[in-house]
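The structure appears right after this line, and notes come after that.
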Amino acid sequence: MLELVGLPLPDVYSAGLSEFVFAAGVRLAQTRKLDLIYLSTTDYIQHK
């Protein structure tokens, strides 16, 4: 996934992790035929 997204893996306690998840979802949708995709993000932002 790191190669597909082209970004380093962010720390689990960062806003960057949710951005990484969304970037991964975009790349998966661009490179694969998907019927459904579920992206789960952290709640880091809500706690800040």
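Residue separation times 0.36 nm, minus the C-alpha to C-alpha distance between Lys48 and Tyr13: what's the value?
Fully extending the segment from Lys48 to Tyr13 adds 11.6 nm.
Note down the relative contact order for the chain as a percent, whole number, built from C-alpha pairs under 8 angstrom at least six residues apart.
38
On the first, second and third principal axes, largest extent first, how far apart are the outermost C-alpha atoms of the stretch 2-47 in Å?
Cα extents, longest axis first: 35, 21, 9 Å.
Can you pull out the chymotrypsin sites (Phe, Trp or Tyr not before Pro) in the chain whose DSSP state is coil and whose Cβ has at most 14 other Cβ atoms within 10 Å?
Sites meeting the loop and neighbour criteria: Tyr13, Tyr38.
Every read-out reported here was derived from the displayed coordinates using simple, explicitly stated rules and does not represent laboratory data. Remember, it's a predicted structure, so these values are computed and weren't measured experimentally. Neighbour counts run over all protein chains shown; Cβ positions are idealised from the backbone, glycine included.
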